[in-house]
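Asks: Below are the structure tokens for one structure; questions will follow.
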Amino acid sequence: GAVVSQHPSWVICKSGTSVKIECRSLDFQATTMFWYRQFPKQSLMLMATSNEGSKATYEQGVEKDKFLINHASLTLSTLTVTSAHPEDSSFYICSAPNIQAYNSPLHFGNGTRLTVT
Amino acid sequence: AQSVAQPEDQVNVAEGNPLTVKCTYSVSGNPYLFWYVQYPNRGLQFLLKYITGDNLVKGSYGFEAEFNKSQTSFHLKKPSALVSDSALYFCAVRDMGGELTGGGNKLTFGTGTQLKVEL
């Protein structure tokens, strides 16, 4: 089945540094990827839609300069948390639809646990 | 706009008993409906979907869900719960009229229901 790989699975960084999270579709092409943030015991909050070859679409309230998204190829999207602060600590999850497979569900990465100290 | 409601934050069930996790939805057109399961510190795993056809949909791990258009519901069910079913369950909806490309594939998720199956 379709697989989405997310890396790293966890990261600890110091306040003020930047962290890059990668999301790869391993066996299908993903022109679109979605980035979510999940707080403890809460639902997924869609942050942005990543579009291959064009700018990402951010949801209301998400800072574009804070959460940089790049979708440079049909199999890779990256989320960079810039100048991270402790309040950015969260669980970040990416997902991608396999549009070649009609009515395919979204395929999710295993998430990245970010802790900013 | 589309929305999903999962009215129960937590459902507790004894192993071997049937379980139901509730979900209601709202879309402007016809819905695509999905159930996902999340284990601690993991991404979401697809369980089942309703696109069209039979109202009773069978999915992974013995789960099934019943689409009820008049009640706009898509409750998740399993005849006999296992302790290993304990996890966080999300219902999601997409408007069938949305395009498959770009943001049209965007799902709206419910707030999740924590299922706890005890011996």
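The values are calculated or read from the model by the stated rules, or taken from the named source; none is laboratory data. As the structure is a computational prediction, the values presented were derived from the model and not from experiment. Because the Cβ atoms are built from the backbone with ideal geometry, glycine has one as well, and the counts that use them run over all protein chains shown. Keep in mind that these areas ignore ligands, DNA and RNA; they rest on the heavy atoms of the full protein, side chains included. Shrake-Rupley method; radii C 1.70, N 1.55, O 1.52, S 1.80 Å.
Asks: Give region A:53-91 a look and list any residue that's more than 20 Å from residue A:17 (Cα to Cα), open to solvent by 30 Å² or more (accessible area, probe 1.4 Å) and at pLDDT 90 or above, or say none.
Replies: Within region A:53-91, A:55, A:57, A:58, A:59, A:60, A:61, A:73, A:74, A:75, A:76 qualify.
Asks: Based on this model, can you work out whether residue A:17 counts as open to solvent by 20 Å² or more (accessible area, probe 1.4 Å), in a strand (DSSP E or B) and more than 12 Å from chain B (Cβ to nearest Cβ)?
Replies: no
Asks: Of everything in region B:38-85, what is closer than 22 Å to residue A:111 by Cα, open to solvent by 40 Å² or more (accessible area, probe 1.4 Å) and in a loop (DSSP other than H, G, I, E, B)? Give them in sequence order.
Replies: Within region B:38-85, B:39, B:40, B:41, B:42 qualify.
Asks: Consider residue B:37 against the criteria (1) within 25 Å of residue A:58 (Cβ to Cβ); (2) touching a Ser or Thr at 6+ places or on another chain (Cβ under 9 Å): it satisfies all of them except one. Which criterion is unmet?
Replies: (1)
Asks: What pairs come out if I take residues in region A:38-52 that are within 14 Å of residue B:39 (Cα to Cα) and touching a residue at least 60 places away in the same chain (Cβ under 8 Å) and pair them with residues that are assigned to a strand (DSSP E or B) and open to solvent by 30 Å² or more (accessible area, probe 1.4 Å) whose C-beta lies under 9 Å away, six or more apart or interchain?
Replies: Here the result reads A:38/A:45, each pair linking region A:38-52 to a residue that is assigned to a strand (DSSP E or B) and open to solvent by 30 Å² or more (accessible area, probe 1.4 Å).
Asks: Condition (residue is open to solvent by less than 70 Å² (accessible area, probe 1.4 Å), aromatic (Phe, Trp, Tyr) and closer than 30 Å to residue B:53 by Cβ) applied to region A:95-112: is it met by at least one residue?
Replies: Checking region A:95-112: at least one residue is open to solvent by less than 70 Å² (accessible area, probe 1.4 Å), aromatic (Phe, Trp, Tyr) and closer than 30 Å to residue B:53 by Cβ.
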